[in-house]
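Shown next, in structure tokens, is the structure this report addresses.
Computed from the coordinates by the stated procedures, all read-outs in this text should not be read as laboratory data. No experiment lies behind these values; they were computed from the predicted model shown. Neighbour counts are summed over all protein chains in view; Cβ atoms, including those assigned to glycine, are modelled from backbone coordinates with ideal geometry.
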Amino acid sequence: MLPRGLFRIYGLVLGNLLLLMGGQLAYLYFVPLEQDGTPLLLPAVPLLPFFMLIMLCSGALIVGALLQKMPRPLLFIPSRKGGGLPPFRGYFLPGQGERYYHRELPEDDLPLPEMAEEPVEPPWIQPVPSQPLELPAAKWLLLGFLMAIALGVAVLAEKGEFLLLFPLAFVAAFSFPALLWVSYIYRRTHSEPEPQRMVLIALSWGMFATLPASLLNDAGGRLLGADPMLMLEGGVVGRAEILLVTVVAPLVEEALKPLGLLFVMSRLRTPYEGVLYGAACGMGFAMIENMLYDLLVLIWYGADAWTINAFARGVGSTVLHAVGPALVGFALALSRNGDWPAERVVPAAYLGGVIVHGAWNGAATLPFIFPDDPQMATNSWVALGLVLVACLLLVRELLRRGLAYDEPQP
């Protein structure tokens, strides 16, 4: 049986996808795209503003329903007017019999036990323990990701009725790599696991952050005069496109992803928790971005390109999105414990995430900057591999230091 946490996460994906689509349509409705200086208007759809409003409201309701607090347990307290019994033994005191049972205490009745000076709460009036995150282990998610890629290759090659299995492969391919990292970091704790709701809040913010990130990136591209579609079309990118990919996008995305930590600030007590919630924000962002890029490449280039893109993004760019917010979460938790001043370590952590993100995007654009040099494709893969190793080492070191800080002392 699948863990229930997976269903909540995919519900959050659906809700945030509706928010993303509604927000994008609303943005294009007021700020249309341009091609060669000519605005490209949206198709004339009847009641389009109401359709956008329905998507936004539906997405907000789904996300709100999945992230709402668990209601407090109902406690039955008998009513005095109804003549119900007192809730626990502490009310059986001399002088109370007439009040509750309309009869006096007999003189020859057995003596009552001595009561404690301070009343003890009944066992059923205790705080409800938080629910842990229900996710498969990282090894099973990795196996599921590899099987999804293989299944996608098989069904896209066979086609026919086998294509009905492709949505399963598509969903697992864009989501399992991100959930793998969340599960791996979550299961490393030495103390009580973090509440599921708080981790889902961080994940959901990362998913939602793709909307403002896409709008701000588009606004930055308009200011620079860049054409983001040149890379998909195989054209020669210019200075504006390079600045958009290597400078604007890292600055915007690495600033938006860690903002989700503000919603879980009460849980940032140790650096490990900073790494966990920061990585969760990044993994939510990576899930939606992987889904959009996989879908775009599948439509634009076909099945073979989807296989390469899904595998490369699952192995590479997914962990990239964990580095920046994990650095910020680690630094923020250190500053809250008084080890380092926040005004120094948090900006430094943010800039570290921007540099790593910019290096990854720069390495990925080398073949587009030098399209006539066939060696650049090889150089690009080598550079991406080096940045990937750096990302893995960074996340591993942050997690190791966070756990060492959180480890109970003998």
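Separation of region 339-410 and region 1-24, taken as the distance between their Cα centroids, equals 28 angstrom. As a proxy for reagent exposure, ranking W181, W381 by other Cβ atoms within 10 Å from fewest up yields W381, W181. Other residues whose C-beta falls under 14 angstrom from the C-beta of I369 contribute a net charge of -2, scoring Lys and Arg +1 and Asp and Glu -1. Overall shape: prolate for region 263-327, with the ratio a/c of the largest to smallest alpha carbon gyration tensor axis at 1.5 or above and a/b above b/c.
Sorted by packing (mean other beta-carbon atoms within 10 Å per residue), highest first, where do 328-335, 13-20 land?
Descending mean neighbour count gives 328-335, 13-20.
Residue-wise HN-Hα couplings along region 256-272, as the Karplus relation 6.51 cos²θ - 1.76 cosθ + 1.60 with θ = phi - 60° gives them from phi, are 7, 4, x, 4, x, 5, 5, 7, 10, 4, 5, 9, 7, 9, 9, x, 4 Hz; Gly and Pro carry x.
Ranking of Y405, Y29 by neighbouring Cβ atoms within 10 Å, starting from the fewest: Y29, Y405. Sorting Y186, Y277, Y293 by the number of Cβ atoms found within 10 Å of their own Cβ, with the fewest placed first, yields Y293, Y186, Y277.
Look at where the Cα atoms of region 276-311 and of region 159-176 average out, and the two centres are 14 Å apart.
A simple spin-label model places the labels of R239 and Y29 3.9 nm from each other, with each point 7 Å out along Cα-to-Cβ.
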